[in-house]
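The structure under discussion appears below in the form of structure tokens.
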Amino acid sequence: MKTRTSLALSALGVVAFLLLWEAVAQSGIVPARLIPSPSAVPAAFLSEFRSGTWQAMVLASLSHYLVGLSLGAFLGVSFGTAAALWGRWDAFQAWVVRMLRPIPAIAWIPFAIIWFGVSEGAASFLIALTVFWINYYASYAAVRGVDKDLIELGHAFGQGGLVPRLFKIVLPGALPGILSGLRAGLGQGWMTVVAAELFGISGLGMRMMEASGLLATHIVVLYMVTIALLYGVSDFLFMQVQSRVLSWQR
Amino acid sequence: MATVNGAPANDAVSSGAAVIDLKNVSIGYGADAPPVLVDVDLTVERGSFVAIVGPSGVGKSTLLRVVAGLHEARTGGVTIHQDPRPAHRPVGLVFQDARLLPWRRVVKNVQLGLEGLPVSRAERLRRAEEALKLVRLDGYARRWPYELSGGQRQRVGIARAMAVDPDILLMDEPFGALDAITRNNLQDELRRIHRETGKTILFVTHDLEEAVHLADRIIVLGGTPARVVRDVSNSAGRDGAVFREQVEQLRLEIADNYSI
């Protein structure tokens, strides 16, 4: 399929979705309070934008997101790679990982508040936690999956030492897998942003909570759309970088 | 160089000095498993082209890895230029599957072995381009491996091995996965490279015709555990009665010792 065709189809899908939604909201089948119509969103955006709330909330969430994402991704890739490289370390941490892994990030909210207070740090911590696990497992599998023959090649050509092996063979070989972990973390990170802010840390999630308390559902929808757009933009930008970095793939 | 009565012993070059020396080498996988290859005594002279043949499973490829210092012999000693240390051996390895790094362009793949050496960036590039010229792939430097055919990839593998200017080229069934026409071409190219550079070549193959066509000495491995069952010098060339007779002779030899 041509890029233009696929772009046109994507746009058509979005328009159809919005039209259906508007039709359901306008028809009166469901009370307007329960489903705000999408046409109410632009007005909500204007009022939020004029008061400066929208920009402030986006910036606040973005900063939690970026700090949490980079911290979680860096640590996740590092620990995942280390566990995949060194069997002893892997065995040592394996059960700790099994115990901590099933605890969802939101279950850490009480500790996040106790440790960081209702603060930026708490939100970033929760996001980092979510992103960490995704990247940990993705990197672990990716590094494990690097072709052993390429490692042997490195040894045969004098690149068997830890540093050249890591940077010339293992990490480039694992890069496609590591990048898909990063991409998955990108999405999960935005979900955690909202969850983390629901308990009062300034940002998109908090504003949604406030608006829903006032039954201002059109404002809730505005921020839902905002998150969707922010995710869409970050995913799109990531894909641009990824396709450039992986241009050696067929 | 050794001298006799003050006169230079120039026959050390012409008749060939020992480059590779294996003494009583045996090879096995795992500590408890019985050895697969035993009693290998082998001296390879400078500039010679030696083929190692035998059925699969006799440890041909592992023997090559032992010479390269990538696999430890269970017993016995390996020296390259009388040096037993396994690291930094002056060898270039060529694999059956070309084994290029897919994330490096051709020219960077060829430079891999040079990156561990004290060689400037410009010099690395110069030597990589020279090696690509040797395998007739100048003009392909900026390509990605996936853009190459199987034969071209194998040429890059040879260039990568040659770029470090090794004394010995170790080749592990390098043409085994290629179609017949490409294989013939690359065999001729390898003969030419051998002629032009005078490298010592140790060439593992299970294809007797390939061995007879290429090598000037053929080592046959066979039996259980495998050992050297035949060590013949060869000049049968490519075609004709002599060639076929030599191939047939070796085929019988291997069949007699085939017990795997």
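The values are calculated or read from the model by the stated rules, or taken from the named source; none is laboratory data. Being a predicted model, the structure only gives us computed values, none of them experimental. Because the Cβ atoms are built from the backbone with ideal geometry, glycine has one as well, and the counts that use them run over all protein chains shown.
If I ask for residues that are crowded, with 22+ Cβ neighbours inside 10 Å and closer than 25 Å to residue A:237 by Cβ, which ones from the stretch A:153-177 would you list?
Result: A:174, single match.
Taking the condition of being part of a helix (DSSP H, G or I), surrounded by fewer than 16 Cβ atoms within 10 Å (Cβ to Cβ) and among the β-branched types (Val, Ile, Thr), how many residues in the stretch A:24-82 meet it?
2
Of (1) aliphatic (A, V, I, L, M); (2) buried (at least 16 other Cβ atoms within 10 Å of the Cβ); (3) without any contact (Cβ under 8 Å) to a residue 60 or more places away in the chain; (4) under 18 Å from residue A:79 (Cα atoms), residue A:150 satisfies all except one. Which?
All conditions are met except number (4).
Check the stretch A:161-174 and report whether any residue there is facing chain B (nearest Cβ under 9 Å) and either outside any helix (DSSP H, G or I) or among the hydrophobic types (A, V, I, L, M, F, W, C) (or both).
Yes - at least one qualifying residue is present in the stretch A:161-174.
Could you pull out the residue among B:61, B:56 that is hydroxyl-bearing (Ser, Thr, Tyr), assigned to a loop (DSSP other than H, G, I, E, B) and assigned by TED's automatic domain parsing to the domain that holds residue B:195?
B:56 is the lone residue from the list that is hydroxyl-bearing (Ser, Thr, Tyr), assigned to a loop (DSSP other than H, G, I, E, B) and assigned by TED's automatic domain parsing to the domain that holds residue B:195.
Can you tell me which residues in the stretch B:117-148 are within 14 Å of chain A (Cβ to nearest Cβ), under 24 Å from residue B:97 (Cβ atoms) and surrounded by fewer than 17 Cβ atoms within 10 Å (Cβ to Cβ)?
Selection gives B:142, B:143, B:146, B:147.
Failed condition for residue A:88, given (1) surrounded by 14 or more Cβ atoms within 10 Å (Cβ to Cβ); (2) at pLDDT 95 or above; (3) part of a helix (DSSP H, G or I), with all others met?
(1)
So residue A:105 fits all but one of (1) crowded, with 17+ Cβ neighbours inside 10 Å; (2) farther than 28 Å from residue A:201 by Cα; what number is the exception?
Every condition holds for residue A:105 apart from (2).
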